[in-house]
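One structure is given below, encoded as structure tokens.
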Amino acid sequence: MKHSLIPTEGNWYKANLHCHTTCSDGKMTPEEVKERYRSQGYSVIAFSDHNKIIDHSDLNDENFLALTAFEVDFSGKDSDLTWNANKQVHINMIAPRADEDRIVAARLRDDGTFDEVKAILPPQKYVCNSRFINKIVSAAVDNGYLTTLNHPAWSNLDYEDYAYLEKLWGVEVDNGGCRVIGRPDNADVLTKMLRSYQRDIYPISADDNHSAFPLDHPRCSSCRAWVNVRAEKLDYTSIFEALKRGDFYSSAGPEIYECYYDDEECAIHIKCSPAAAIYVNSDGIAGNQAYPEHMGETITEAVLPVRQDIGFEFIRVTVIDEKGNRAHTKAFWLKK
Ligand SMILES: [Zn+2]
Ligand SMILES: [Zn+2]
């Protein structure tokens, strides 16, 4: 039986799921953001301004869909430290409906405990610990939101900061804005979260674009990292449900055309745009890799056997292009 790690039916749509505008601290208006991303082949943007949830449906047309979202920040709890020294856990929340305007929050009591999470509260003073974050995320998920742990590298997160998080839908493995400032993310946090049995968490590549530098400027944070989502059509419900099902892969360059695990052959089959390397990674140290014969050459397909004798829990695939940009599939769990 073939188990595909990327969606096999529907139309492909390119999406930036993490975006700032002049509605918070971004430098481009929502209209300017739309214009720029449309020019680069994008169909979907989740407008995720800081702690503000705004319906941008007025931007929609037959080739463009705005998702309603916001980014909530949990500040470090040590008030003796500066903002720079504290940790900052940032969570993106994509709303299940365009007109959703509830911000999920909880109230911190003076004694350090929490009121029950309410579904409708304005942002308050958040605190950065997994118990509190789990309450917020849980309330968001109960209200239908998709939640992503943003830029764990920029946030200075340690293992104990994310290992006990629950119900997250995604974690950023590539963040264009953080890459520009020299604090790039990678898939290591994803692997560790999967290893801690957050089984249904997906790799997210996104821009977190704040600046308005032109596209050819080295500091430009737009159009650097995205997800390719496959859905029946370009409307809110189709795209949201496709994202929720994991019908997408993430990329900062390579395209993946086919990727499945054949459980009779015990092998991964991949077809992709020209790649300098293709990796099958697992929960353990071992994996498998495909390379061209010589440096400077590329490959566009591979069949990579997956060892059955060392008890892999899950596998996932990474494709790397000649510039070092990566595409990531979701994990496939060999052990149910
Ligand atoms: Zn952030
Ligand atoms: Zn952001």
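Points worth noting:
- Residues that are open to solvent by less than 40 Å² (accessible area, probe 1.4 Å) and away from ligand 2 (no atom under 16 Å from the Cβ), drawn from region 11-33: Tyr13
- Count of residues meeting criterion [more than 13 Å from Asp25 (Cβ to Cβ) and either within 13 Å of ligand 1 (Cβ to nearest atom) or part of a loop (DSSP other than H, G, I, E, B) (or both)] in region 47-58: 4
- Among the numbered conditions (1) closer than 30 Å to Cys178 by Cβ; (2) assigned by TED's automatic domain parsing to the domain that holds Leu67, the only one that Thr237 does not meet is (1).
- Residues in region 103-155 that are at pLDDT 90 or above, closer than 23 Å to Leu194 by Cβ and assigned to a loop (DSSP other than H, G, I, E, B): 7 in all.
- Of all the residues in region 9-27, those that are part of a loop (DSSP other than H, G, I, E, B), touching a strand residue (DSSP E or B) at 6+ places or on another chain (Cβ under 8 Å) and not charged (D, E, K, R) number 6.
- Tally of residues being on the phi < 0 side of the Ramachandran plot and either among the hydrophobic types (A, V, I, L, M, F, W, C) or not assigned by TED's automatic domain parsing to the domain that holds Glu297 (or both) across region 261-275: 5
- Some residue of region 156-168 being within 16 Å of ligand 2 (Cβ to nearest atom), touching a Gly at 6+ places or on another chain (Cβ under 8 Å) and either closer than 22 Å to Ser250 by Cβ or of a type in the set (A, V, I, L, M) (or both): no
- Residues that are polar (S, T, N, Q), modelled with pLDDT of 95 or more and assigned to a loop (DSSP other than H, G, I, E, B) do not occur anywhere in region 173-187.
- Qualifying residue in region 130-143 (condition: hydroxyl-bearing (Ser, Thr, Tyr), out of contact with any Lys or Arg (no Cβ under 7 Å at 6 or more places or on another chain) and in contact (Cβ under 8 Å) with a residue 40 or more places away in the chain): no
- Matching entry among Phe213, Phe240 (being among the aromatic types (Phe, Trp, Tyr) and buried (at least 18 other Cβ atoms within 10 Å of the Cβ)): Phe240
- Checklist (1) open to solvent by less than 20 Å² (accessible area, probe 1.4 Å); (2) out of contact with any Pro (no Cβ under 6 Å at 6 or more places or on another chain); (3) farther than 24 Å from Val173 by Cβ applied to Ala46, failing item: (3)
The values are calculated or read from the model by the stated rules, or taken from the named source; none is laboratory data. Just so we're clear, the structure is a prediction, and the values are computed from it rather than from any experiment. Note: ideal-geometry Cβ built from the backbone for every residue, glycine included; neighbour counts use all protein chains shown. These area figures cover heavy atoms from the full protein model, side chains too; ligands, DNA and RNA do not enter into them. Shrake-Rupley method; radii C 1.70, N 1.55, O 1.52, S 1.80 Å.
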